[in-house]
Amino acid sequence: MIRSWRIGFVALILVALSGCQALQKVDQGLYQVAESVSERDRITGRRSLSMANRSAQIEQGNAYVEKIIAQEQKNKRPINAAISRTQYQRLVRVFDRIHQVSHLKQERWQPLLIKRNSFNAFTTGGTYIVVHSQLMTDLKDDAELAAVLGHEIAHTVANHVYERQTHAQVSALVGSNSAGRSGYQAAFTHESEREADRIGILYTALAGYDPLAASRIWQRKYTQEGNARALFHHDHPVNAERYQEAKAVGTKVLPYYKKNQINPRAAALLDNNVLWQKNNNEVAAGEGGGVTALLSTALGAYVQHQQAKGEELRQLQQANFVKSVESVLKVESTRKAGSHLLDTRWRYAANGPTLTNVVMGLYLKRNGKIERYVSHVNGYIKPGQVFTAKFSLPNSLNVDDLKKYSAKLYLDDVQAAR
Ligand SMILES: [Zn+2]
C-alpha cells in the first residue's frame, strides 16, 4: 500500500518539474543532499538513511576488529588455526561459499575465530566476520554454520550497523523521544534481525546449504531456553518467533537449493527472488531524481520508525499478557522426582482465556552466572485446571542445591488459545 502511494506522489512531482530550468538546478542540489545522507539499499534498491560511506565504514569496522586481534595477542590467547586447525578450515570453507553468493562478493572478506565460551558471531560493518569458538562446536553441521555466517554478513549488506548509528543521530536531531526508550530500540533491532535472517537464509540456499538449517537452530534454542518473554528486554526476536519465521522463509527459498552446489543463477536471484524484487528505476538527478531520492529516504526512515513503534507495542502487550497470567498461576506443590529432576504442580486460578504454548521456567544464579531451565507444557490449559511442569537439570546441579542458589520459578511464555 505504501509503495503505490509513493509512486503516485513521485509521478506528480515529476510532472511539475519537467521543463523548468531553475527547478532542475534545485533538484540537482537535492540529489546531492540525498546522496550524502542515504545510500541505496543493496537488496531492494530503495534508499535507506546513512551518513557514512562504504570505505569509511570498512575503515571504522576493521579498526575495531584489529583492536580485538591485538588484544588476543597481548593476552596470549590463540586465534584462527591456532585454536583448532580443522575448525578454522571448516569456517573458512563454509564462509567462502556464503560470501561468493552474497551482495558483497566483490569485497575481500575474512573470518576471524576467537576463543570464547559463548554462542556468538558478529560483524562490525567492515570486512571481517568474528566467530566465537563455542559456536563452532554447538552448531550441528555446515548448513547451520552457513546460516549463522549468512545472517552476519547480511547485517553489513543491509547496512544495519550504520543505519542504527544514523537513526540515533537523526532522532536526536529532531528530538524524537521514542528513540530514547529501550523498548523502542529493542524493537528497531528486531526488524534488523528479521531482515538479516531472511537475507542469510537466501544465501544458504544459493550456496548449496539446506535453507531450513536456520529454523533448526531456533527450534533447538526454543526447546532448551524457551522465550523468556517477560523476563527482560529482548534485542532479538524471541526464539519461537525466529523459528517460525525462519521455517517459512526457508520453505520459500527451498527451490533455489541444490545440495553442495552454488546455484548457477545465484547472481540474478540476488536481485529478483521470492522474497524481494530490486527496483533499479531511480530517476536521474535533474529530472526529479533529487526530490525522489530525498522523499524515499525520508519515507524509508519514517516507515522504519513506524514499524519499530508497532513492534514495540506488540512486544509490550505480549509481555504484559505473560505477567498477568503469571500473577494467577499458583504453585500447588514442588517435589523432588530424582537427584536432577524437579516436578512442579500448578493451578491456573482465574477466569481468563484458555492457555496454550505454556513454558514454565526456573532461574538461578550459580558462580555469578544466571542459569535458566524450561519445561514445555503440552496442550491446552483451561481456567481452574491443574497442570504439571517437570524440570530436568544438568548432572552438575542437584535438586537439593536449588535453595542454595535462590532458584525461582517463573512463567517463561504463554499464549491465549484462539
Ligand atoms: Zn543479528
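Output the residues belonging to region 247-274 that are assigned to a loop (DSSP other than H, G, I, E, B) and within 13 Å of Gly208 (Cβ to Cβ).
Tyr257, Lys259, Asn260, Ile262, Asn263, Pro264, Arg265
Can you list residue pairs whose Cβ atoms sit under 6 Å apart, with the first residue in region 115-129 being without any contact (Cβ under 8 Å) to a residue 60 or more places away in the chain and closer than 21 Å to Gln57 by Cβ and the second being within 10 Å of the ligand (Cβ to nearest atom) and not hydrophobic (A, V, I, L, M, F, W, C)? Count only pairs 6 or more apart in sequence or on different chains.
Sorted first by the residue in region 115-129, then by its partner, the pairs are Ala121/Glu152; Ile129/Thr123; Ile129/Glu152.
Just the residues that are among the small types (Gly, Ala, Ser) and closer than 18 Å to Ser396 by Cβ, please, taken from region 356-378.
Hit for region 356-378 is Gly368, nothing else.
Residues in region 190-216 that are under 22 Å from Asp138 (Cβ atoms) and either within 10 Å of the ligand (Cβ to nearest atom) or part of a helix (DSSP H, G or I) (or both): how many?
11
Consider region 219-232. How many of its residues are part of a loop (DSSP other than H, G, I, E, B) and within 16 Å of the ligand (Cβ to nearest atom)?
Selection size over region 219-232: 0.
Residue-by-condition table, conditions (1) surrounded by 12 or more Cβ atoms within 10 Å (Cβ to Cβ); (2) out of contact with any strand residue (DSSP E or B) (no Cβ under 6 Å at 6 or more places or on another chain):
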residue: Leu362; (1), (2): yes, no
residue: Glu371; (1), (2): yes, no
residue: His376; (1), (2): yes, no
residue: Thr388; (1), (2): yes, no
residue: Lys403; (1), (2): no, yes
residue: Leu409; (1), (2): yes, no
residue: Asp413; (1), (2): yes, no
residue: Ala416; (1), (2): yes, yes
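Taking the condition at pLDDT below 95 and within 15 Å of the ligand (Cβ to nearest atom), does Val170 pass?
No, not satisfied.
Go through Gln100, Gln134 for me and flag whichever is over 24 Å from Leu206 (Cα atoms) and surrounded by fewer than 17 Cβ atoms within 10 Å (Cβ to Cβ).
Within the list Gln100, Gln134, the selection yields Gln134.
For Val358, all conditions in the list (1) over 29 Å from the mean Cα position of the chain (by Cα); (2) closer than 23 Å to Gln315 by Cα hold save one; what is the number of the exception?
With (1) over 29 Å from the mean Cα position of the chain (by Cα); (2) closer than 23 Å to Gln315 by Cα applied to Val358, the lone miss is (1).
The values are calculated or read from the model by the stated rules, or taken from the named source; none is laboratory data. Quantities reported herein were computed from a predicted structural model and do not represent experimental measurements. Cβ sites come from the backbone with ideal geometry, for glycine too, and all protein chains shown count toward neighbours.
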